[in-house]
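As structure tokens, the structure follows; a few thoughts come after it.
The values are calculated or read from the model by the stated rules, or taken from the named source; none is laboratory data. This structure is a prediction, so every number in the text was calculated from the model and none was measured. All Cβ positions, even for glycine, are placed from backbone atoms using ideal geometry, and neighbour counts span all protein chains on display. Surface areas here come from the heavy atoms of the whole protein model, side chains and all, with no ligands, DNA or RNA. Shrake-Rupley method; radii C 1.70, N 1.55, O 1.52, S 1.80 Å.
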Amino acid sequence: MSILKGKDILRSDLLTNEELELIVCTAARFESVLRSGGSLHNMANLILATLFFEPSTRTRLSFETAMHRLGGQVITVADPKTSSAAKGESLADSMRTVEGYADVIVIRHPQKGSAEEAAQAVSIPVINAGDGTGQHPTQALLDVYTIQKEKGSLEGLTVALAGDLKNGRTVHSLSYLLARFGNRLILVSPRSLEMPPEIVDALRREGADVTVESDLAVAMRQSDVVYVTRIQRERFEDQDEYRRLKGAYVVDMSMIGQAKTGIIIMHPLPRVDEIAIEVDQHAGAAYFRQAANGVPIRMALLALVTGRE
Ligand code: CP
């Protein structure tokens, strides 16, 4: 039986190394079947509920694709205005209702900590697809899967995390996973958007080599991977402040020309203007391959938490 059967996936730092390895190996196995033209029916007769109280393209659609690829079915709330949350229903009541319809729930919600609250309300597995400025653990899993595929290893790399490190939940989740494998992290952000100190402290307590650098070009000269994030406009109370910081870091071909040879460029997407369009043609531009890797990783997660791996 899977060590993840019946478990919730709420935060990357709660995953054990054994669980992480199982997820990555299961994703690789599923991806290999799909690449060879095979079909899978692991999730036959099971239903996934995707409840998205914040916008999404990649996360919702890749979870739904993953479920379809495994022969399962999907019910969805893609627009919270069409759910009874708009009438004031509590998250716990919504979850207890959906538990009666589905076998596993994927939830995205603007409130940090909401995935934990949702999981406490039900006994079926709950997967956090982004809880406000908290975490986005399934993105981090597809990110490490991408790094392993692109660089051939997850260990001993220097990774620059750049952009809105305060509000960007993807970098919160990813930094915990990268730190486990002896990677060096360079944090690049405007002062007001630095990585939350409690996360930096936790990474350093685990022995991670974490440095802070304000100049992205300097960081890229030392890095095997640059992971760029969007300045999160929706998290700003002061839109003038957002406009001032927007465009603080833009990766273009002149920066890549001065970067370490073989650097890969990653981004959880959506991109606004953090990576120039010209970079898309560069062999190291991994962000659309990264988005595609969401399907095998989410197939693995759905199968493992339901015991259908
Ligand atoms: N990376 C990511 O979470 O993208 P979406 O917001 O489109 O789901």
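Using a 1.4 angstrom probe, figure out how much accessible area the chain has per residue, in square angstrom, rounded to the nearest whole.
Working: 13260 Å² over 309 residues.
Heavy-atom accessible area per residue stands at 43 Å².
So how much slack lies between Thr211 and Ser2, counting 0.36 nm per residue of separation and subtracting their Cα-Cα distance, in nm?
71.5 nm
Could you tell me the accessible area of Lys149 in Å² (1.4 Å probe, neighbours in place), rounded to the nearest ten?
For Lys149, the solvent-accessible surface is approximately 100 Å².
Tally up the carbon and sulfur contribution to the accessible surface of the range 1-152 as a whole percent, 1.4 Å probe, everything protein left in place. All intermediate terms of the calculation are to be shown ahead of the outcome.
On the way: 3310 of 6840 Å².
So the carbon and sulfur contribution to the accessible surface is 48 percent.
Report the full-extension gain for the segment His41 to Glu278: residue separation times 0.36 nm, less the Cα-Cα distance, to one decimal in nm.
Full-extension gain reported as 81.3 nm.
Kindly express, to the nearest 10 degrees and within the range 0 to 90, the angle between helix 17-35's C-alpha long axis and the longest C-alpha principal axis of the chain.
So the inclination is approximately 80 degrees.
Pulled fully out, how much extra length does the chain show between Tyr101 and Thr76, if you take 0.36 nm times their separation in residues and subtract their Cα-Cα distance?
Computed gain between Tyr101 and Thr76 is 7.9 nm.
Mind putting a number on the dipole of the range 33-95 about its Cα centre? Charges go on the C-beta only, +1 for Lys and Arg and -1 for Asp and Glu, and I need it in Debye to the nearest 20.
Details: 6 positive and 5 negative charges, 58 e Å.
The calculated dipole for the range 33-95 is roughly 280 debye.
Considering only Cα-Cα distances, which of the following residue pairs are longer than 30 Å: Lys87/Lys112; Lys5/Lys87; Lys5/Lys166; Lys5/Lys112?
Lys5/Lys87; Lys5/Lys166
Karplus couplings for the range 9-14 from phi (6.51 cos²θ - 1.76 cosθ + 1.60, θ = phi - 60°), rounded to Hz, Gly and Pro as x?
3J(HN,Hα) across the range 9-14, in whole Hz: 10, 10, 8, 5, 6, 8.
So for the pair Arg204, Gln120, with labels modelled 7 Å out along Cα→Cβ, what separation do we get in nm?
3.1 nm
Between 0 and 90 degrees, rounded to the nearest ten: what's the tilt of helix 137-151 against the longest Cα principal axis of the chain?
50 degrees
Given the options Ser90, Ser175, Ser114, state which has the largest fluctuation in a GNM of the chain using a 10 Å cut-off (strictly under) for Cα springs.
The residue that fluctuates most here is Ser90.
Work from the charge dipole of the chain (Cβ charges, +1 for Lys and Arg, -1 for Asp and Glu, about the Cα centre) and give the residue of Leu187, Gly134, Ile124 farthest towards its positive end.
Projecting each Cα onto the dipole axis, the largest value belongs to Ile124.
Let me know the charge dipole size of the chain about its Cα centre in debye, to the nearest 20, where only the beta-carbon of Lys, Arg (+1) and Asp, Glu (-1) is charged. If you can, show how the numbers build up before the last one.
Working: 34 positive and 39 negative charges, 105 e Å.
Dipole size: approximately 500 debye.
What list of ³J(HN,Hα) values in whole Hz, one per residue of the range 202-216 in order, does the Karplus curve 6.51 cos²θ - 1.76 cosθ + 1.60 (θ = phi - 60°) give from phi, with Gly and Pro shown as x?
Whole-Hz 3J(HN,Hα) from phi for the range 202-216: 5, 5, 5, 4, 7, x, 6, 8, 10, 10, 10, 9, 8, 9, 5.
Using the charge dipole of the chain (Lys, Arg: +1 at Cβ; Asp, Glu: -1 at Cβ; taken about the Cα centre), state which of Pro196, Ile75, Met266 has its Cα farthest towards the positive end.
Of Pro196, Ile75, Met266, it is Ile75.
Working from Cα positions, state the angle (0 to 90°, nearest 10) between the long axis of helix 169-180 and the longest principal axis of the chain.
80 degrees
Along each of its three principal axes, how wide is the spread of alpha-carbon positions in the chain, in whole angstrom units, largest first?
Here the spans come out as 54, 47, 39 Å, largest first.
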